[in-house]
Amino acid sequence: MASRLSITTTVFKPSENQSWLGSAHGTDNADPITLDGDSFLTTFTDGVIPSGVVLGKVTATSKYRQYSNAASDGTQTAVGMLLTTVDLGGVTSAVVEDVTAALYWHGEVIEANLPTNHGLDSAGKTDLALIRFV
């Protein structure tokens, strides 16, 4: 007897806003990464991390967290930006799972259109030498 397929509907929230991208250049070369889900909840309490957030790589785990110039775990160096919005889901659970995402590391960014709490500062701009900020 053949098994039947069931239909699943997923609603994504909120709608994507990539107005911070200055061009399509670099969007086809984004690197796959793993986000340390729990680390984002203090800043993004609803579990939705908007595209354009600046990221750093944790040396010990090779997972990505939000860039912080004041950190000492590897994330004090900006390595790129979140290319697409990520919904961590399960925010009400005790532990938020790590999720895969895309790292935008070269191209053009319209700084004025970055999302709230993006984390970019002058040191981060220096680190992101392959991104042109306009």
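Computed from the coordinates by the stated procedures, all read-outs in this text should not be read as laboratory data. Remember, predicted model here, so these are calculated numbers, not experimental data. All Cβ positions, even for glycine, are placed from backbone atoms using ideal geometry, and neighbour counts span all protein chains on display.
Per residue, the chain reaches -1000 deg cm²/dmol at 222 nm when only DSSP H runs of four or more residues are counted, each adding -39500 (n - 2.57). Per-residue 3J(HN,Hα) values for segment 56-70, derived from phi via the Karplus relation 6.51 cos²θ - 1.76 cosθ + 1.60 with θ = phi - 60°, read x, 10, 6, 4, 5, 10, 6, 8, 10, 10, 5, 4, 8, 4, 8 Hz in sequence order (x marks Gly and Pro).
Charge dipole of the chain (Cα centre as origin; +1 on each Lys and Arg Cβ, -1 on each Asp and Glu Cβ, all else neutral): 140 debye, rounded to the nearest 20.
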